[in-house]
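Here the structure is laid out as structure tokens; the discussion comes afterwards.
Values in this text are rule-based calculations from the coordinates and carry no lab data. This structure is a prediction, so every number in the text was calculated from the model and none was measured. Don't worry about glycine lacking a Cβ; one is built from the backbone with ideal geometry, like all the others, and counts go over all protein chains shown.
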């Protein structure tokens, strides 16, 4: 089906318009149902993740709120297939609903707009004579894109009131519409990029897309009876469900002992009393999440090994830096910079692997040779995708420059953001790690500080950086770009008509942005100051320190960017020449930043189980074991999501089975 051939090979002729089989359509009812369910999920996520700071649906790659929703729809579909088969959902319809909720969940998630919406108010409310934020920031912040009126902010932070007064609605309307336009522009850039890379990664390199294999299996034929008839699956489901059911009941009967599997309560090794240099290890968490063990079992063994290996390697570097400090390199071991270099190298490697395709694609776009009719699997023509990238990128740059950024800084700022999001998308499509948080200072602002220093950046640029923390600040667990590409893969596998699926994702993107703004304002006016706000103060403190204590070009940091890139290049070279080489560069990129803490032991356990099963039972035993681990995932997701939803209804803390 591909119209782009490798170098030296003829280009395939386009198929005739009527020669391909008719695809099941993405129906209007599926889009409408998805649009109706999106508000429920956005409100749920903002409540539990943002207001309560527990039950983080979006902290893992496979969003468990979306799987829970899918389980309910499949139960409904089973009844429809039996009593009203004419109205039963097809797999394409279920995939449409799944993808819409996943896209909206990504935007509402902990590392996306929960890092964006509060920042429109924080520099005004928390400005004091002591921190000098008014002098440092206020004159550089765009009043038309922020919420600065004290009469609107004070009740927001005090709570016990309502959003729905004329002055408050008016104060929020303008910034909400501006930022929704910006977020939609980012969505255009991401979907356009995904369309251009989809064929290379999906059809030519045949990446596995591990994250979507479970929902695809569940929905085959509208309801995969063969999948759900596996006894092994139900053994895993029942064991995991009973664990979460019991732990949930302990919150109603505190006398019952909790079977604790979390990383942040009792399972840790505290090294603070060990003395230097060993206390540089910090707190070593020992997480035991069953569903993350199950997700990690689905990984290639080299990646699961590399995740926990490079986590320990990072700790080893911290001890070395504490034992032999170097005055000229005070931030040793420069983990943020190592991580930056690693992700840039992974991005470059993805381009090099597909360089023949991408060169031919670029020529075809410039000459106008490709049309959508040549490949019905594409949601739009490649020229339209390129136009979407240009239009979205141009609007994003225009907005940032109007807000106060200089043009060169804005270009580098957003270019690195897209490099990072594309590299994460590639990693998810190829490997599917259980999570991919990078919660340190691995972002565009720190990269620019390293390259030119804070004086060259100037206060106008620095003051604007936190407003884009949702795009390139920290975390990156909820970047919507891989969710879009995985949605296109699910559409291809289910036969969903790609143009309508792209429309459905676009609707979900805009709805998700608007509803996150509304959920934050609605809930915060009711409840007042909350953890979602508290998590965003740090970036303003960081920017204030840059302005008050200017930092020069970070020469050691730049060198460590090259160290990170060089190590990825070396590992990639070793893997192409020696099949036995056990280290995966993606594990290094993940391990150099905070985030692996809450699942490294889970990958260690899964790696050991996988090796033991493969060694003593072979591939056949491994395949027989897979349904058990699918069952563990579904059991925890079903019961854990039930407790989370119940906590919203009862407005009280319940059992939290997931990290965050």
Need one number: the % of Cα-Cα pairs in segment 51-118 sitting beyond the 17 Å mark. 50
Least to most buried among 395, 305, 316, by other C-beta atoms within 10 Å and fewest first, runs 316, 395, 305
Assuming R0 = 30 Å, what is the FRET efficiency of residue 324 and residue 204, from their Cβ-Cβ distance, to the nearest 0.05? 0.05
Report Rg/Rh for segment 489-559, rounded to two decimals, where Rg is the Cα radius of gyration and Rh the Kirkwood radius. 1.25
At a threshold of 8 angstrom on Cα-Cα distance, excluding pairs fewer than six apart, so keeping six or more, what relative contact order does segment 172-308 reach in percent? 13
Chain lengthening between residue 260 and residue 348 when straightened (0.36 nm per residue, less Cα-Cα): 27.5 nm
Going fewest to most other Cβ atoms within 10 Å around each Cβ, 624, 610, 81, 489 line up as 624, 81, 610, 489
Which three extents, in angstrom, do the Cα atoms of segment 594-637 have along their principal axes, listed largest first? 36, 23, 9
Per residue, how much space in cubic angstrom lies within the convex hull of the C-alpha atoms of segment 113-250? 265
R0 of 41 Å, Cβ-Cβ distance residue 139-residue 555: FRET efficiency to nearest 0.05: 0.80
Value of relative contact order over segment 28-650, rounded to a whole percent, pairs C-alpha under 8 Å and six or more apart: 33
Below 8 Å between Cα atoms, with a sequence gap of 6+, how large is the relative contact order for segment 369-467 in percent? 26
Two pseudo-spin positions, 7 Å from Cα along C-beta at residue 225 and at residue 28, lie apart in nanometres by 3.2
Go through 612-619, 563-570, 148-155 and give me the packing order, highest mean Cβ count within 10 Å leading. 563-570, 148-155, 612-619
After finding the eigenvalues of the alpha carbon gyration tensor for segment 396-451, what semi-axes result from the square roots of 5 times each, listed largest first in whole Å? 26, 13, 9
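For residue 78 and residue 620 in the same chain, what is the full-extension length gain: residue separation times 0.36 nm, less their Cα-Cα distance, in nm?
Extending this stretch completely gives an extra 192.1 nm.
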For 291, 83, what's the fewest-to-most ordering of other Cβ within 10 Å of each Cβ? 83, 291
Divide by every residue of the chain the summed helix terms, -39500 (n - 2.57) for each DSSP H run of at least 4, and state the resulting mean residue ellipticity at 222 nm, rounded to the nearest 500 deg cm²/dmol. -20500 deg cm²/dmol
Packing-ranked peptide list from 239-248, 457-466, highest mean Cβ count within 10 angstrom first, is 457-466, 239-248
Each label sits 7 Å from Cα toward the beta-carbon; between residue 157 and residue 279 the label points are separated, in nm, by 3.4
Multiply the residue gap between residue 545 and residue 650 by 0.36 nm, knock off their C-alpha separation, and tell me the result in nm, one decimal place. 33.6 nm
Express the Stokes-Einstein translational diffusion coefficient of the chain in µm² s⁻¹, to the nearest whole number, given a Kirkwood radius over alpha-carbon pairs, 4 °C and a viscosity of 1.567 mPa s. 50
With a Förster radius of 51 Å, plug the Cβ-Cβ distance of residue 390 and residue 232 into 1/(1 + (r/R0)^6) and report the FRET value to the nearest 0.05. 0.50
